[in-house]
C-alpha cells in the first residue's frame, strides 16, 4: 500500500503554468520510492484543450486549425524527480517563483533549436522554456541546448506514434484512458500505457483533456529511446478516466 501511495503521489504533478497561479502551478518533485524506476516525467500538452481553459494566455492567441500545436502534442517540460533548481541562487529562484518568466535570463540555444522549440512549445511566448530550464534542466548535468534537443526528440516520438493519431481522430469527441493507454501500448510496447497519466480540466459542462504525463526511467541525460525509458518506469493510475478532445480553434 505504501508503494502504491508513493507512486500516486509521484505522478500528482501539476501541469498548469499560469503566472497568476505560479505557486499552485509548480510541478512538484516528490521522492521516488526505493525500487521505483521513475526518474523523470515527460509532460506534453494538448494545446487546443489547454487554450480552451486559458484563453488569455499569449500562447493561445492563435489556436487555429493548421497550426502545428493544433494537430499534435506540445512540449510542457521534461521534469526531474527528487531535485530542482540545481545551482540556482536564491534570488533567481525567487524571480522564477514570481511567475514572470519572460523576465528571466534568456537561454543560450542555437538558432535551429530555438526555432524548433518555438513551434513545439507554444509556452515560449510566456517564458515557459526559461522556467523549465531553471527548474528542471539545470539538474540534467548538461546544457540548455542538449536538454531541449532531448526533450524535443522525445516529444517527436510521441507525435510520430498512434497516440497523436488517436487524438486527431477523436478531436471534437470523447477519449477514454483505456484508449489512450492502448495507443501507447501499440506505439511503445505492451504495458507502456500503464506509465501514462491523463490530465483533465473542467471547462463549463465539459471535462477537457489538456495533456499527458509519461513516466520515464533515465540511465543518463542523453537517452532518447522512449520505449525503453517508459518501460523502465513504474506503473501508475490514469487519474482522469475520460475527457473531451478539443479540436483546433476556440469554441
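The values are calculated or read from the model by the stated rules, or taken from the named source; none is laboratory data. Quantities reported herein were computed from a predicted structural model and do not represent experimental measurements. Cβ sites come from the backbone with ideal geometry, for glycine too, and all protein chains shown count toward neighbours.
Restricting attention to region 115-128, and to residues there that are out of contact with any strand residue (DSSP E or B) (no Cβ under 9 Å at 6 or more places or on another chain) and under 18 Å from residue 103 (Cβ atoms), which single residue is surrounded by the fewest Cβ atoms within 10 Å (Cβ to Cβ)?
Of everything passing the filter in region 115-128, 125 is surrounded by the fewest Cβ atoms within 10 Å (Cβ to Cβ).
Among the candidates 211, 241, 215, which residue alone is more than 20 Å from residue 80 (Cβ to Cβ) and touching a strand residue (DSSP E or B) at 6+ places or on another chain (Cβ under 8 Å)? Write out each step before concluding.
Values: 211 fails: more than 20 Å from residue 80 (Cβ to Cβ); 215 fails: more than 20 Å from residue 80 (Cβ to Cβ).
Answer to the selection: 241.
Considering region 100-112 alone, what residues qualify as being crowded, with 17+ Cβ neighbours inside 10 Å and under 18 Å from residue 142 (Cα atoms)?
107, 109
Testing residue 215 on (1) surrounded by fewer than 24 Cβ atoms within 10 Å (Cβ to Cβ); (2) more than 21 Å from residue 170 (Cα to Cα), one condition comes back false. Which one is that?
Answer for residue 215: the failing condition is (1).
Taking region 89-99 only, how many residues are surrounded by fewer than 21 Cβ atoms within 10 Å (Cβ to Cβ) and either within 20 Å of the chain's Cα centre (by Cα) or closer than 22 Å to residue 156 by Cβ (or both)?
2
Checking the conditions here, which among 224, 199 is within 16 Å of the chain's Cα centre (by Cα) and modelled with pLDDT of 95 or more?
One residue alone meets the criteria, 199.
Let's see how each residue does on (1) modelled with pLDDT of 90 or more; (2) under 14 Å from the mean Cα position of the chain (by Cα):
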residue	(1), (2)
36	no, no
43	yes, yes
55	no, no
59	yes, no
62	no, no
65	no, no
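Having 3 or more residues that are farther than 30 Å from residue 203 by Cα is the bar; report the helices (runs of 4 or more DSSP H) wholly within region 43-145 that clear it.
The qualifying helices (runs of 4 or more DSSP H) are 90-97, 111-120.
Show the residue pairs that are 6+ apart or on different chains and have beta-carbon atoms under 6 Å apart, the first residue being within region 185-214 and at positive phi, the second being assigned to a helix (DSSP H, G or I).
Sorted first by the residue in region 185-214, then by its partner, the pairs are 189/227.
Can you tell me which of (1) free of Cβ contacts under 8 Å to residues at least 24 places away in the same chain; (2) surrounded by 16 or more Cβ atoms within 10 Å (Cβ to Cβ) is the one residue 238 doesn't meet?
For residue 238, the failing item is (1).
I'd like the residue in region 194-238 that is out of contact with any helix residue (DSSP H, G or I) (no Cβ under 8 Å at 6 or more places or on another chain) and part of a loop (DSSP other than H, G, I, E, B) and, out of all such residues, is nearest to residue 139 (Cα to Cα).
Once the filter is applied, the top-ranked residue is 220.
With at pLDDT 95 or above and within 18 Å of residue 214 (Cα to Cα) as the only criterion, which of 160, 112, 90, 146 stands out?
160 is the lone residue from the list that is at pLDDT 95 or above and within 18 Å of residue 214 (Cα to Cα).
Could you give me the residue pairs with C-beta distances under 9 Å whose first residue belongs to region 114-137 and is in contact (Cβ under 8 Å) with a residue 12 or more places away in the chain and at positive phi, whose second residue is in a helix (DSSP H, G or I) and surrounded by fewer than 23 Cβ atoms within 10 Å (Cβ to Cβ) wherever it lies, and which are 6+ apart or on separate chains?
These pairs meet every condition: 127/19; 127/101; 127/102; 127/103.
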